[in-house]
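Participant: I'd like to ask you about the structure that follows.
Derivation of every value follows stated rules applied to the coordinates shown; laboratory data play no part. Note that the structure is a prediction, hence the values are computed from the model and not measured. Here the Cβ is made from the backbone with ideal geometry for all residues, glycine too, and neighbour counts use every protein chain on show.
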Amino acid sequence: MQAVIKADKLSKHFGHFTAVNEISFEVAPGEIFGFLGANGAGKTTAMRMLCGLSIPTSGTATVAGFDVYKQTEEIKKNIGYMSQKFSLYEDLTVLENIRFYGGIYGLSDRDLQQKSETLITRLNLQNEAKKLVGSLPLGWKQKLSFSVAVLHEPKIVFLDEPTGGVDPVTRRQFWDLIYEVADRGITVFVTTHYMDEAEYCNRVSIMVDGSIEALDTPPKLKQQFSANSMDEVFYELARGAKRSE
Amino acid sequence: MRTLKFLLQKEFRQIFRDPSILRVIFIMPVIQLMILPWAADYEIKNIKLSVVDHDHSEYSRKLINKITASGYFELADYSNSYKQALHKVEHDEADLMLEIPTSFEKDVVKENKAKLFMALNAINGVKANLGGAYLRTIIQDYNQEIRLEWLQMPRMNIEPTIQITSSNWYNPLLNYKYFMVPGILVILLTMIGSNLAAINIVKEKEIGTIEQINVTPVKKYHFLLGKLVPFWILGMVVLTLGLFISWAVYGIIPLGSYLTIYAFAAVYLLTVLGLGLLISTYAGTQQQAMLISFFLMMIFILMGGLYTSIDSMPHWAQIITKFNPVSYFIDVMRMVVLKGSGFWDVRYHFIIMFTFATVFNGWAIWHYRKTS
Ligand SMILES: Nc1ncnc2c1ncn2[C@@H]1O[C@H](COP(=O)(O)OP(=O)(O)OP(=O)(O)O)[C@@H](O)[C@H]1O
Ligand SMILES: [Mg+2]
């Protein structure tokens, strides 16, 4: 099958600093692709290039068949993005946020109505629907944020550390949500610092100081590094990193 | 269109939920319009006048009477020595000197023309300048009176005139607040407009929500329009509030039409908001935005002709005022309020303001980056 994300020697420089160094990989449709790396490895920078938020310095990449240099606005129609920093409007209610984002993605009134109902029921937010998002606990905010990012049924959803700072129970629930959208055929591109989450991915790549040092399914990676867990694999690779903050 | 609807809905909700915005919009204008005109009141009484009367005629006495009767002047000295009068000015005992030549009465009667000499004490420039303006107005008034007097005499049909070079289309004697309040209203609208617009987008940058917008297919002009429209409406509300206060507190009713003011304000607000949006595309933090906007406002206000008349600025400064939107609106306000100018009289102001609006907004849209 045709890959939905293709990157070839994709790089990003900030002045003399190389944040992302010639990364190459492909992501298949419907795949859950884990994008691992220590702090400062360049995950967010790479993801922002794929989302059309940042123009690469060199290399090529296509997302949903569109070029990351010239067709950024086309890409944006086909993806959902949940940034590392929580970015729903805290001064709008749950329902208002859902309707706003659905609205600007061009959903019809009927779709908006129906989808917000389903979403609120699915997340058990019936009592919070009319509360300001700022008043919700972090775990709920993250789940809401994710659900809003896939409201318009994108081909691919990019999640940048969606479970950062969230308790283990909520993290499990979050991954249930990820599986649900993957089952609907949405490709998931996710970064995380939790190695148990890496195990949930179909394939993972591990970035060290801007370069991809390993890329395979979790079992194969463990085999390759003769490790018992992804934790060990990651440690083996990230140990040599210079950038870790 | 539908996108815009959602964007506007969001902006309005956020504005009405933010007490600080509402405070700025409603309380600031009220307080400023109540206080500033009094603080910035240049209506100066007790201007010390030194008169040199070489004529000692009935006409010169009438003129001096009229001047002192106005209540603005205090006769510091009355002599027939230019030297003595100048001495007074030099020693700061007089702000203003008026010299009436020997032939004043004769000239008015026979030649229909008379010259007066006026010297200002530049140490307290504002006081002297204003005194000069008052004095000119009084003399002009006096001129009218003797004209009337002469007109009653059947044999004389040529009107005697006293030459005064200034063109006083406003009358500071009437009420100085008529002059200041419309100008302060313009400044207010400018500050509120540009600040709110500049800070708003930068705030989204700081919180990170702008990234979430930039990753959607929303067109950048839609997004900027979504910011422009609500603040434009709020600006019009502030203007209405300001005009209401001008009327209720100061009794100011424009000689011209409110329609002209609103029409011009509509274009002016586009300019100011466009400038705010432009600033926000350059600034990364709210502090930066505030600083840039503050810096520009300082220049705009100081060179806008509210406090210092543009005519008395040096040539290079006058050229700068041509690029200052504030000076055009102040001009239009004063023309409409004090002079009763209509749409046609300010047509060039409209064209220029429209150009400003187009440039600032176009530039903002061009410079706004959804992809960095
Ligand atoms: N706009 C920028 N200008 C200069 N340097 C930048 C910029 N953005 C990121 N960097 C640098 O690039 C490197 C990679 O940053 P990036 O945010 O992509 O890392 P990350 O893998 O997402 O890290 P984290 O796990 O902490 O989120 C860092 O050293 C960062 O300081
Ligand atoms: Mg990151």
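Participant: Based on what the data block shows, is A:Ile120 more than 7 Å from chain B (Cβ to nearest Cβ), surrounded by 18 or more Cβ atoms within 10 Å (Cβ to Cβ) and out of contact with any helix residue (DSSP H, G or I) (no Cβ under 6 Å at 6 or more places or on another chain)?
Facilitator: yes
Participant: Just checking, how many residues over the stretch A:30-64 are within 11 Å of ligand 2 (Cβ to nearest atom) and hydroxyl-bearing (Ser, Thr, Tyr)?
Facilitator: 2
Participant: Given (1) under 27 Å from A:Phe225 (Cβ atoms); (2) out of contact with any helix residue (DSSP H, G or I) (no Cβ under 6 Å at 6 or more places or on another chain); (3) away from ligand 2 (no atom under 16 Å from the Cβ), identify the lone condition not met by A:Val188.
Facilitator: For A:Val188, the exception is condition (2).
Participant: Sticking with this structure for a sec: Could you pull out the residue among A:Glu153, A:Glu197 that is touching a residue at least 12 places away in the same chain (Cβ under 8 Å), crowded, with 20+ Cβ neighbours inside 10 Å and either away from chain B (no Cβ under 14 Å) or away from ligand 2 (no atom under 16 Å from the Cβ) (or both)?
Facilitator: On the way: A:Glu153 fails: crowded, with 20+ Cβ neighbours inside 10 Å.
Result of the check over A:Glu153, A:Glu197: A:Glu197.
Participant: Here are A:Leu136, A:Leu144, A:Leu132: which of them is away from chain B (no Cβ under 13 Å) and either over 23 Å from A:Glu26 (Cα atoms) or more than 16 Å from ligand 2 (Cβ to nearest atom) (or both)?
Facilitator: Answer to the selection: A:Leu136.
The rows are residues; the columns are (1) of a type in the set (A, V, I, L, M, F, W, C); (2) crowded, with 20+ Cβ neighbours inside 10 Å; (3) within 16 Å of ligand 1 (Cβ to nearest atom).
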residue: A:Val20; (1), (2), (3): yes, yes, yes
residue: A:Ala28; (1), (2), (3): yes, no, no
residue: A:Leu53; (1), (2), (3): yes, yes, yes
residue: A:Gly59; (1), (2), (3): no, no, yes
residue: A:Lys76; (1), (2), (3): no, yes, no
residue: A:Lys85; (1), (2), (3): no, no, yes
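Participant: Checking A:Asp91 against (1) more than 11 Å from every other protein chain (Cβ to nearest Cβ); (2) touching a residue at least 12 places away in the same chain (Cβ under 8 Å), only one condition comes out false. Which one?
Facilitator: (1)
Participant: Turning to a different aspect of this structure: Could you go through the stretch A:59-78 and let me know if any residue there is assigned to a loop (DSSP other than H, G, I, E, B), within 12 Å of another protein chain (Cβ to nearest Cβ) and either aromatic (Phe, Trp, Tyr) or in contact with an Asp or Glu (Cβ under 9 Å, 6 or more places away or on another chain) (or both).
Facilitator: Yes, the stretch A:59-78 has at least one match.
Participant: Could you tell me which numbered condition A:Lys70 fails, if it satisfies all but one of (1) away from ligand 1 (no atom under 16 Å from the Cβ); (2) closer than 20 Å to A:Val150 by Cβ?
Facilitator: Just one mismatch for A:Lys70, condition (2).
Participant: Among the residues of the stretch B:329-337, is there at least one that is among the acidic types (Asp, Glu), away from chain A (no Cβ under 14 Å) and under 19 Å from B:Leu185 (Cβ atoms)?
Facilitator: Applying the first criterion (among the acidic types (Asp, Glu)) to the stretch B:329-337 yields B:331.
Pick out the ones that are also away from chain A (no Cβ under 14 Å) and you get B:331.
Now narrow it down to the ones that are under 19 Å from B:Leu185 (Cβ atoms): B:331.
There is at least one residue in the stretch B:329-337 that is among the acidic types (Asp, Glu), away from chain A (no Cβ under 14 Å) and under 19 Å from B:Leu185 (Cβ atoms).
Participant: So which pairs qualify, if the first residue must be in the stretch A:36-56 and within 18 Å of B:Thr371 (Cα to Cα) and more than 10 Å from every other protein chain (Cβ to nearest Cβ), the second must be within 9 Å of ligand 2 (Cβ to nearest atom) and not in a loop (DSSP other than H, G, I, E, B), the Cβ gap must be under 8 Å, and the two must be at least 6 apart or on different chains?
Facilitator: A:Lys43/A:Gly37; A:Lys43/A:Asp160; A:Lys43/A:Thr191; A:Thr44/A:Asp160; A:Thr44/A:Thr191; A:Met47/A:Asp160; A:Met47/A:Thr191
Participant: Ok, one more. Answer yes or no as to whether B:Gly251 is touching a Pro at 6+ places or on another chain (Cβ under 7 Å) and not hydrophobic (A, V, I, L, M, F, W, C).
Facilitator: no
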